[in-house]
Amino acid sequence: MATLAPRPHALLALGRPRPRTLRTRAAAPRARGPTVPPQVARPRRVFLGLGAAFVDQLARMDSGSAPSRSFVAAARPRQGVSPVEQILKNVEWPDEFPFKAEDFSRFDESSDNLFYSAPRYVTHIDDQAIGALTKYYSEVLPPSNTPGVAILDMCSSWVSHYPPGYKQEKIVGMGMNEDELKRNPVLTEYVVQDLNVNPKLPFEDNTFDVITNVVSVDYLTKPIDVFKEMRRILKPTGLAIMSFSNRCFWTKAISIWTSTGDADHAWIVGAYFHYAGDFDPPEAVDISPNPGRTDPMYVVQSRKRTA
């Protein structure tokens, strides 16, 4: 349920690497479901490539507050510092969730069950990006075979990109294609569920130490509902790790994602954590292995508050 094709819109002026042609290990099968013809596709909010500063200003306009500093200057990267890592520092969130219902529309509103009915045994980011994510997991996940640890890999598939040989007593995969989940060797169990139809997670409160989501947060049409459920099922201080690149099935990604860029995406995911409530201030991390020459890789993460 991760990404294949680069976004079709223009690059932002925040120094994003130029989209590359994705190399996969096998050709992904075409979706079986009918696509929405352009003439009946839902309207999209186009941000015209203005980038993270514009998203921040949009949030302030929606909340009725006046900006107290220059967001253009804030979004301009300091020497050697990723704009993605800067965008969630010292955020002044508006009082209300700043996005509209149309921001979560998609070009193809046909059934996701049809779209994901055929297994895709491919990797949707290149080997360098996968390596960077695996290395990051090795630094932040609980050590392998830690007693009592439970992990949920949300929007999972046939591979989770955890460190080689990584094991826990309970690693649950939640995804859309049962054949893919059956093939994932790290999982101890799995659940097939469409979160865009039913965002209610079938787990008890305070179940998981960590929730991961690899290059699939951009497909959630009910993100606040999902993030509230994530908060519910995480143990106190439990960690949620949302990772993404600049690839997507753009017909299935939400409008707010396909019309914005990498730093904007970090701001959007950070907003999900903030407005879900009871998460620590979200942190953005740029783990891109070779900027401009390989697929980029970013993480936005937060911990559930203890109180």
Open item on the list: Taking θ = phi - 60°, what integer Hz values does the Karplus form 6.51 cos²θ - 1.76 cosθ + 1.60 yield along segment 174-185, in sequence order, with x for Gly and Pro?
Closed with: 10, x, 9, 10, 5, 4, 5, 5, 4, 7, 6, x
TODO: Output ³J(HN,Hα) for segment 103-119: one whole-Hz value per residue in order, computed from phi by the Karplus curve 6.51 cos²θ - 1.76 cosθ + 1.60 with θ = phi - 60°, and x for Gly and Pro.
DONE: 5, 10, 7, 9, 4, 10, 9, 5, 4, 5, 4, 5, 4, 9, 5, 8, x
- [ ] With a point put 7 Å past each Cα toward its Cβ, work out how far Gln128 is from Lys89 in nm, to one decimal.
- [x] 2.5
Task: segment 167-296 - percent relative contact order, Cα under 8 Å, separation 6 or more - done: 19
Task: Sorted peptide list for 238-250, 95-107, criterion being average Cβ within 10 angstrom, highest first - done: 238-250, 95-107
Open item on the list: Let me check I've understood the local charge: for Leu187, count other residues with C-beta under 14 angstrom from its C-beta, Lys and Arg +1, Asp and Glu -1. What total comes out?
Closed with: -2
Open item on the list: At 7 Å along Cα-to-Cβ for each site, give me the label-to-label distance between Asp179 and Ser144 in nm.
Closed with: 3.0
Open item on the list: For Asp264, Asp205, Asp194, Asp108, which order do you get if you count the other beta carbons within 10 Å of each Cβ and list the fewest first?
Closed with: Asp205, Asp194, Asp108, Asp264
- [ ] Collect residues whose amide H, placed 1.01 Å from N in the peptide plane, falls under 5 Å from the amide H of Val191; neighbours closer than 5 in sequence don't count.
- [x] Gly173, Met174, Gly175
Open item on the list: Only four residue types carry charge here, +1 at the Cβ of Lys and Arg and -1 at the Cβ of Asp and Glu. Report the dipole size of segment 132-220 about the Cα centre in Debye, rounded to the nearest 20.
Closed with: 220
TODO: If a/c stays under 1.5 just call it rounded; otherwise compare a/b with b/c (prolate if a/b is bigger, oblate if not). Do that for segment 189-255, with a ≥ b ≥ c from the square roots of the Cα gyration tensor eigenvalues.
DONE: prolate
Task: Sequence of Val217, Val186 once ranked by neighbouring C-beta atoms within 10 Å, starting from the fewest - done: Val186, Val217
Task: Under 5 Å, built H, 5+ apart or other chain: amide partners of Phe208 - done: Leu234, Lys235
TODO: Provide the FRET efficiency to the nearest 0.05 for the Glu204-Glu109 pair, computing r from the beta carbons and using R0 = 45 Å.
DONE: 0.85
- [ ] Report, in debye and to the nearest 20, how large the dipole of segment 169-307 comes out about its Cα centre when Lys and Arg carry +1 and Asp and Glu carry -1 on their Cβ.
- [x] 120
Task: Anchor Lys100: lysines whose Cα lies under 29 Å away (excluding residues fewer than 8 positions away in-chain) - done: Lys89, Lys200, Lys222, Lys228, Lys252, Lys304
- [ ] Set Lys and Arg Cβ to +1 and Asp and Glu Cβ to -1, take the dipole of segment 90-237 about its Cα centre, and tell me which of Leu220, Ala129, Val186 lies farthest positive.
- [x] Val186
TODO: Rank these for me by crowding, Asp153, Asp280, going from fewest to most other beta carbons within 10 Å.
DONE: Asp280, Asp153
TODO: Collect residues whose amide H, placed 1.01 Å from N in the peptide plane, falls under 5 Å from the amide H of Lys170; neighbours closer than 5 in sequence don't count.
DONE: Ile151
Task: Estimated inter-spin distance, Glu96 and Thr237, nm [label 7 Å along Cα→Cβ] - done: 3.8
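No lab work stands behind these numbers, since they all come straight from the coordinates. The structure presented is a predicted model; accordingly, all values stated were derived computationally and were not measured. With ideal geometry, Cβ positions are generated from the backbone for all residues, glycine too; neighbour counts draw on all protein chains shown.
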